[in-house]
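The values are calculated or read from the model by the stated rules, or taken from the named source; none is laboratory data. Quantities reported herein were computed from a predicted structural model and do not represent experimental measurements. Note: ideal-geometry Cβ built from the backbone for every residue, glycine included; neighbour counts use all protein chains shown. Accessible surface areas use protein heavy atoms only, side chains included; no ligands, DNA or RNA. Shrake-Rupley method; radii C 1.70, N 1.55, O 1.52, S 1.80 Å.
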Amino acid sequence: MTILYGFDLLGTLVFAISGTLSAANKKLDLFGAYFIGFITAIGGGTLRDVILGNFPVGWISDINYLIVISIGVALTFLFKEHIMTLKRTLFLFDTIGIGVFTIIGIEKSLNLGIHPFLSIIMGLFSAVMGGVIRDTLCNDIPLIFRKEIYAVACLVGGILFIALNSLGIASALNQFITIACIIIIRIICIRFKISLPVLKY
């Protein structure tokens with residue numbers, strides 16, 4: 001759990017940077033940038049906990065999340081141009097982040113007695129809803145609806161996690177395999193420009 005917690009904080013940092021970059025592109029002020037970075041980082045987990053009735057929500061009971069988000073916003077505000085050159089690194093950390101958020105969402109749901117299928121949905125919410133809220137507030141069509149194989153990777157990873165869990169695979173190994181699966185799916189889709197069919201009218 002220590003390793004997973006570390007990746008959770010890392011994912012939170014990258015999501016905060018992602019939100020702050022979106023705010024910067026919309027020329028928001030520092031408060032606006034912090035708010036967008038904050039909601040991007042904790043939005044998915046907060047929505048998941050509210051739906052599950054799991055209180056207090058994760059970031060309320062751990063100050064480290066607020067510290068990490070503040071660091072991410074400050075770094076982006078001060079070094080935006082340099083951070084923009086680290087797209088590949090941010091992509092990798094972002095992918096690790098959604099993998100970790102997916103697992104945390106599923107495990108929290110299972111521990112509360114939620115059906116495995118619905119737990120996968122909660123894992124998906126944990127991973128992507130922060131980005132959906134970010135894009136909505138920035139007046140953009142959410143990324144998961146228009147460009148990358150993002151949510152689908154989380155769903156496949158979630159299904160794999162549940163399947164391996166039902167087979168009695170050790171939790172740490174299951175977590176590693178699931179995160180690796182999500183990373184591989186995203187890299188392959190980006191590398192070969194694979195996306196879902198677009199609905200046209």
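The combined condition, being within 24 Å of residue 176 (Cα to Cα), of a type outside the set (Ser, Thr, Tyr) and crowded, with 20+ Cβ neighbours inside 10 Å, is fulfilled by residue 14.
Working carefully through the options 130, 105, 72, find the one that is within 12 Å of the chain's Cα centre (by Cα), open to solvent by less than 50 Å² (accessible area, probe 1.4 Å) and under 22 Å from residue 31 (Cβ atoms).
Within the list 130, 105, 72, the selection yields 130.
When each of 51, 42, 3 is tested for being open to solvent by 60 Å² or more (accessible area, probe 1.4 Å), closer than 25 Å to residue 106 by Cβ, of a type outside the set (S, T, N, Q) and modelled with pLDDT of 95 or more, the lone residue that passes is 51. Restricting 10, 4 to residues that are more than 28 Å from residue 141 (Cβ to Cβ) and either assigned to a helix (DSSP H, G or I) or free of Cβ contacts under 8 Å to residues at least 60 places away in the same chain (or both) narrows the list to 4. In region 157-181, of all residues being of a type in the set (Val, Ile, Thr) and at pLDDT 95 or above, the one that is farthest from residue 128 (Cα to Cα) corresponds to 169. Selection of first residues in region 71-87 that are aromatic (Phe, Trp, Tyr) and of second residues that are surrounded by 12 or more Cβ atoms within 10 Å (Cβ to Cβ), restricted to Cβ pairs under 7 Å at least 6 apart or on distinct chains, gives the following pairs, ordered by first then second residue: 77/20; 77/30; 77/33. Scanning region 54-69 for residues that are assigned to a helix (DSSP H, G or I) and polar (S, T, N, Q), we see that the one that is surrounded by the fewest Cβ atoms within 10 Å (Cβ to Cβ) is 61. For region 111-140, a residue qualifies if it is farther than 16 Å from residue 36 by Cβ and either in contact with a strand residue (DSSP E or B) (Cβ under 8 Å, 6 or more places away or on another chain) or in a loop (DSSP other than H, G, I, E, B) (or both), and the qualifying residues are 112, 113, 114, 115. Scanning region 162-201 for residues that are β-branched (Val, Ile, Thr), part of a helix (DSSP H, G or I), free of Cβ contacts under 8 Å to residues at least 40 places away in the same chain and open to solvent by 70 Å² or more (accessible area, probe 1.4 Å) yields 184, 188. Taking the criterion of being of a type outside the set (Gly, Ala, Ser) and either in a loop (DSSP other than H, G, I, E, B) or touching a residue at least 24 places away in the same chain (Cβ under 8 Å) (or both), the residues of region 142-161 that qualify are 142, 146, 147, 148, 149, 150, 152, 154, 155, 156, 159, 161. Answer yes if at least one residue in region 108-118 is among the β-branched types (Val, Ile, Thr), at pLDDT 95 or above, open to solvent by 20 Å² or more (accessible area, probe 1.4 Å) and under 29 Å from residue 165 (Cα atoms), and no otherwise. Within region 108-118 (the criterion being among the β-branched types (Val, Ile, Thr), at pLDDT 95 or above, open to solvent by 20 Å² or more (accessible area, probe 1.4 Å) and under 29 Å from residue 165 (Cα atoms)), the answer is yes, since at least one residue qualifies.
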